[in-house]
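Single-structure report; data block below.
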Amino acid sequence: MSDQRSHVTAHVLDAARGVPAQGVSIMLADHHGIHVADAVTDEQGRVAALGPSELEPGVYRLTFATGAYFAAQHTECFHPEVVVTFEITAPDQHYHIPLLLSPFAFTTYRGS
């Protein structure tokens, strides 16, 4: 599993439409708010890797640009962005953060 050491991946699903959320911008920052990486979800709503291949243990934030995603679809939404704060505790693990999204709600969890 050396190719997946401490890296972060994401998956965004548009639960209202039942499709992957393509084109969602995501920013990764550390607990000080220092920018680490940016990415945009692909046609499957996925980001294969965010940030360097090995992140230091600590607290990080993923900011999903949900308002821009829904605006591109001419859909009103309540959350202009979704911020998921998580902690990397084991430097040899893969951290996958799925986001289930609708215009007025979201949920997230640690995926595999």
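The table below gives the values:
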quantity: 5 angstrom amide H check on Leu99, placed H, neighbours 5+ away; calculated: His11, Val12, Leu13
quantity: Structure-derived Cα extents along the principal axes in Å - corresponding label in [x] 40, 28, 19; [y] 32, 30, 26; [z] 37, 35, 28; calculated: [x]
quantity: Residue among Pro57, Pro20, Pro98 with the largest mean-square fluctuation in a Gaussian network model of the chain, springs linking Cα atoms under 10 Å; calculated: Pro57
quantity: DSSP beta bridge pairing in the chain, given as percent antiparallel to the nearest 5; calculated: 80
quantity: For the chain, calculated [θ]222 nm from helices alone, where every DSSP H run of n ≥ 4 adds -39500 (n - 2.57); calculated: -1500 deg cm²/dmol
quantity: GNM flexibility winner over the chain from Ile88, Ile26, Ile34 (Cα, springs under 10 Å); calculated: Ile34
quantity: Coil-residue chymotrypsin sites (Phe, Trp or Tyr not before Pro) of region 51-112, DSSP, other Cβ within 10 Å capped at 15; calculated: Phe78, Phe104, Tyr109
quantity: Size descriptor, Kirkwood hydrodynamic radius, that averages inverse alpha-carbon separations across region 28-70, Å; calculated: 11.6
quantity: Most fluctuating residue given options His31, His96, His11, as computed from a GNM of the chain linking Cα atoms under 10 Å; calculated: His31
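We did not get these values from a lab; they are worked out from the coordinates using the rules stated. Please read all numbers here as calculations on a predicted model, not as lab measurements. Ideal geometry is used to build each Cβ from the backbone, glycine not excepted, and the neighbour counts take in all protein chains shown.
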